[in-house]
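Only one structure is covered here, and it is reproduced in the block below.
The values are calculated or read from the model by the stated rules, or taken from the named source; none is laboratory data. Owing to the predicted nature of the structure, the values given are computational and were not obtained by experimental measurement. Please note: Cβ atoms are built from the backbone with ideal geometry, for glycine as well, and neighbour counts cover all protein chains shown.
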Amino acid sequence: MALGIKPFTQGLHDVGNHCYAWVQPDGGWGWSNAGLVVDGEESLLVDTLFDLRLTRAMLEGMRAAEPKATGAFDKLVNTHANADHCNGNELVAEAEIIASSATARELAAEPPDRLAAIMRQAPNMGETGEFLIDCFSAFDFEGITPTLPTTTFDGEREVRVGDKTVVLKEVGPCHTQGDILAYVPGDELIYTGDILFVEGHPILWVGPVGNWIAACDYMLGLPVTTVVPGHGPITDKRGVQAVRDYLMYIRDEAKARYDAGLSAYDAAMDISLADYDSWGDAERIAVNVATLYREFGTTPGPANPLGAFEAMAKIRKVRAGNLRHGSDP
């Protein structure tokens with residue numbers, strides 16, 4: 001079932017009343033979305049992109065649409081610490097940069113040059129390196145200046161953009177340590193960061209999964225009609241419900257296999273993803289199950305990002321082979 005409410009096309013989408021989404025197909029690894037809220041001559045940007053080239057193109061598009069408000073951006077919200085949502089921060093360094101306290105700590109601990117160094121080594125990293133190159137070779141991580149939040153909060157914070165209120169709601173830890181949602185009640189609009197991957201598999205880096213499910217419940221309880229996900233097409237509450245259903249399914253399937261004594265890898269390979277075969281990046285099941293197993297009480301599976309990518313590379317290769325031979329993915 002298609003979950004988008006607008007065409008899934010590259011660039012700036014007007015979602016009403018001087019609010020916008022910047023959308024990047026295909027929504028897979030690194031191809032994140034961002035947002036813009038304007039009122040009068042004031043502006044709030046929701047996230048930047050994975051590299052400077054992409055962020056510059058986005059800012060040019062936004063400035064063309066709202067020239068009076070975006071000559072200099074007033075506020076930038078980083079929804080979480082993943083680099084594809086904040087590596088372009090230096091290009092709007094004039095803004096007040098707002099994030100949760102946990103996100104600010106994560107950003108300080110993961111400078112962009114670490115990813116640049118990993119990608120320089122990727123050709124020498126075998127199967128894992130091939131996977132990294134496949135995911136990230138379209139992006140340029142060299143020469144990015146870390147630009148950290150200037151304002152942090154815990155829990156909930158309201159900010160003003162002209163006469164508009166934007167409610168920042170901390171729902172992490174789940175996808176990352178400090179995920180937040182940016183809700184614009186006057187426009188029945190919410191920017192979700194990576195709490196929503198629409199038509200793509202979510203990735204549970206941190207957990208607990210219960211926080212993520214609760215975040216979906218929070219969104220389902222809001223009077224929103226437009227939902228801008230961190231990845232994938234612009235959606236509505238159907239997109240929220242689909243992610244909630246996925247998380248509950250993976251949680252329950254992983255728990256059954258944990259109780260049966262399967263390893264995290266064997267569980268990830270055993271769980272059927274047939275109902276999600278149209279969603280991208282199915283290899284993320286490796287990370288999701290490993291994180292759930294830690295939550296259930298053990299610590300198997302990858303213990304670091306590189307280990308996670310090694311596990312995903314292995315599972316993607318095996319699942320691709322299974323598909324070629326006609327077995328259930």
Collect the residues in segment 7-37 that are touching an Asp or Glu at 6+ places or on another chain (Cβ under 9 Å), of a type in the set (A, V, I, L, M, F, W, C), more than 23 Å from residue 132 (Cα to Cα) and surrounded by fewer than 23 Cβ atoms within 10 Å (Cβ to Cβ), keeping them in residue-number order. 8
Meets criteria (touching a residue at least 12 places away in the same chain (Cβ under 8 Å), closer than 14 Å to residue 241 by Cβ and more than 16 Å from the chain's Cα centre (by Cα)) for residue 224: yes
Number of the exception - residue 182 against (1) within 17 Å of residue 85 (Cα to Cα); (2) crowded, with 24+ Cβ neighbours inside 10 Å: (2)
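Residues are listed down the side, and each one gets a yes or a no for (1) under 19 Å from residue 194 (Cα atoms); (2) more than 18 Å from the chain's Cα centre (by Cα):
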position	(1), (2)
3	yes, no
23	yes, no
32	yes, no
44	yes, yes
47	yes, no
53	no, yes
62	no, yes
68	no, yes
71	no, yes
Counting just the residues of segment 141-192 that are assigned to a loop (DSSP other than H, G, I, E, B) and acidic (Asp, Glu), which one comes out farthest from residue 13 (Cα to Cα)? 154
Condition test on residue 122, is it in contact with a Gly (Cβ under 8 Å, 6 or more places away or on another chain) and farther than 27 Å from residue 216 by Cα? yes
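Counting residues that are aliphatic (A, V, I, L, M) and under 17 Å from residue 200 (Cα atoms), which helices (runs of 4 or more DSSP H) fully inside segment 219-322 reach at least 3?
Numbers: elements: 237-259, 264-270, 285-296.
Qualifying helices (runs of 4 or more DSSP H): 237-259, 285-296.
Take the residues of segment 102-115 that are buried (at least 18 other Cβ atoms within 10 Å of the Cβ) and of a type in the set (A, V, I, L, M, F, W, C): which is modelled with the lowest pLDDT? Step through it out loud before you land on a result.
Step one: of segment 102-115, the residues buried (at least 18 other Cβ atoms within 10 Å of the Cβ) are 102-104, 106-107, 112, 115.
Then keep just the ones that are of a type in the set (A, V, I, L, M, F, W, C); that gives 102, 104, 107, 115.
Values: 102: 98, 104: 98, 107: 96, 115: 92.
Among residues in segment 102-115 that are buried (at least 18 other Cβ atoms within 10 Å of the Cβ) and of a type in the set (A, V, I, L, M, F, W, C), the one modelled with the lowest pLDDT is 115.
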Pick from segment 59-101 the residues that are buried (at least 23 other Cβ atoms within 10 Å of the Cβ), touching a strand residue (DSSP E or B) at 6+ places or on another chain (Cβ under 8 Å) and assigned to a helix (DSSP H, G or I): which of them is modelled with the lowest pLDDT? 69
Could you tell me whether residue 138 is in contact (Cβ under 8 Å) with a residue 40 or more places away in the chain, loosely packed, with under 15 Cβ neighbours inside 10 Å and either assigned to a strand (DSSP E or B) or within 21 Å of the chain's Cα centre (by Cα) (or both)? yes
